[in-house]
1. On full extension of the chain, what length is gained from Ala341 through Arg274, given 0.36 nm per residue of separation minus the C-alpha to C-alpha distance?
2. Taking neighbour Cβ counts within 10 Å as the exposure measure, how do Cys43, Cys273 sort from fewest upward?
3. Rounded to whole Å, give me the distance from the Cα center of the range 302-339 to that of the range 482-496.
4. Where does each of Tyr514, Tyr482, Tyr381 land when they are ranked from fewest to most other beta-carbon atoms within 10 angstrom?
5. Would you please classify the overall shape of the range 445-578 from the alpha carbon gyration tensor, given that a ≥ b ≥ c denote the square roots of the eigenvalues, rounded means a/c under 1.5, and beyond that prolate means a/b larger than b/c while oblate covers the rest?
6. State the Kirkwood hydrodynamic radius of the range 187-331 in Å, one decimal place, computed from all pairs of distinct Cα atoms.
7. With +1 on each Lys and Arg Cβ and -1 on each Asp and Glu Cβ, how big is the dipole of the range 354-577 about its Cα centre, in debye rounded to the nearest 20?
8. In Å and on Cα atoms, what radius of gyration and Dmax does the range 411-486 show?
Amino acid sequence: MSVINQTEKSTIFLKSLAQINSDLRLDATIKNVLTALKSLFNCDVANVILLDQRSNELKTFAAIDGLELKSLEWSEALIGWRYANRAPVIVNDLINDIQFQELAGTHLKIELKNIISVPLFAEGEFFGMVQAINNRCADGFSNDQLEILIELGEHIALALRNSWLLEDAIRGSREARSLYDIGVGLSSSLDLDDLLERILDNLKRVVGYDSAVIYLTSPHRGVIHDIVSRGIPEGMRDSLPMRVGQGVTGRVVQTGQAVIVSDVTQNSDYIACRLETRSELAVPLKSGDNIIGAFNIESDKPGAYKEHDLELLNAFASLAAISIERTRLYNERMTAKKLDAELAIARRIQTTFLPSKDPQIPGFDVSGINISSAAVGGDYYDFIPIVDNQIGVAIGDVSGKGVPASLIMAAFRASLKAEIRNNFAIRTILQKVNNLLFESVERDNYVTAVYSVLDSKNRVLTFSNAGHNPPILRRAGGKIEYLTEGGLALGTFQNSTYEERPIYLVSGDMLLFYTDGVTEAKNCDDEEFGVTRLLTCIEESKDRSAKEIIEFVVNSTKKYTACQTETDDLTLVVIKAL
């Protein structure tokens, strides 16, 4: 090979430099570098190896057979050799190196004869390498060519670095715009199923996948359920739900840390839903400090996901989590609003079960009140006309609260009124009501009640107590009696029997019926209001009207429980003999 003079060297250098800098696009710059190298060094193969700043992996591009551009996945051995030798290299006798011949034959489909290689540095950091392989001259590569490549390498590094940064900026801008557009799109849906479908559709615009699953945590956080998926065989969907901590995705939900699995066959946590899967990426869905689920995407290629993919998916997961939580809250509000409307109707219906006004009974002052802790409740009282001078007085309390309790109370009321119309004795009425409830309610549901009949003409009240708080009778002289006679709570045992007892009322006697919402009301120290305080209320208000006595007791319990946010239903009935 003839020695290149300085003029020829300058001409070759400037021509190559102009070609390399003719286009700022990364793929064009790589192609221009490869074209310049093949032309400049008259070689079979030109090679550019770049260090991916995001994945920290070496990417190899080669021009073979003219100007054909190929992206090659070199073996770790060959790349490792080049990566380790970050110095200019010229070797003209590789014909007998069996290892390199096998590698070159496998990847380049050629016999490796000679090589010239120069490292690329940008701002002092190793950036990659450029190489020419198999010079077509008999003598191989010359030192002059190595000097040209060393000098040209500085400009190649600068050109490739600038193109890489430009490409990275464009890609980042494109990704940011995509994420913004996706966020806007996701915010337009308030239907959870539709939203999750949109999320998976848009996810592929950000990070590619062959299968994807969105998991959401159950209310108790013990199990994660697949809500929507793509690419999962129908027969494998049953294996998708899993416990927190189980599988790759379960661990992500448990720890809140994203995971990249480059080779699922080497990961003991991986749960196989697809035979084709080779790599996996899972990131948590977070709403504030709470983990509400996870994204799991899989690829059929090993090592498909890098740190940059994780960053993108995390950003996308943040947008998705906001949309999911917003949609969940909206749906919860709509459900609550619908329930409130239904409960308002139920409350209006239940209100019709209660007396619209206090009865006017000659010789007696009678009043009652029901205060429910919820829209509907399980307390009940009633004044039921029977015949002239006789009125039924009932009070009841269902185990439990809310809608279930109100339904049982409605059944109790209907049964009680039906049996009263049959003119049975009080004890017989309660026996029949007990059996009806036993047949129609669950075993852990029951009703405590007192049913009595006030005969205003004879001034006699006959009662039977079915497991209820004993009504308190204060005699005119101050003596206290408790009305306990009766039997078991209604609905607890079949064929229960009940006894009844008459009491005679004289002027000044006062009778107070109540539910446990009065005596079991608690203060800040978790102490119950109790019967003793109720007796004090009776004593302090005994000279007032029946209505005023009730108001006094209600206000006393409210003051006692002022710091409590939850209270029980409260029902009172007062009968004063005038």
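1. On the way: separation 67, 0.36 × 67 = 24.12 nm, distance 4.68 nm.
Net length gain for the segment: 19.4 nm.
2. Neighbour counts put them in this order, fewest first: Cys273, Cys43.
3. Cα centres, the range 302-339 to the range 482-496: 55 Å.
4. Tyr482, Tyr381, Tyr514
5. On the way: a/c = 2.38, a/b = 1.15, b/c = 2.07.
Oblate, since a/c reaches 1.5 and b/c is not below a/b.
6. 15.0 Å
7. Here the range 354-577 has a charge dipole of around 660 debye.
8. Cα-based Rg and Dmax for the range 411-486 come out at 14.2, 45 Å.
The numbers here are math on the coordinates, done by the rules we state, and not lab data. As the structure is a prediction and not an experimental result, all values here were calculated from the model. All Cβ positions, glycine included, derive from the backbone under ideal geometry; neighbour counts span all protein chains shown.
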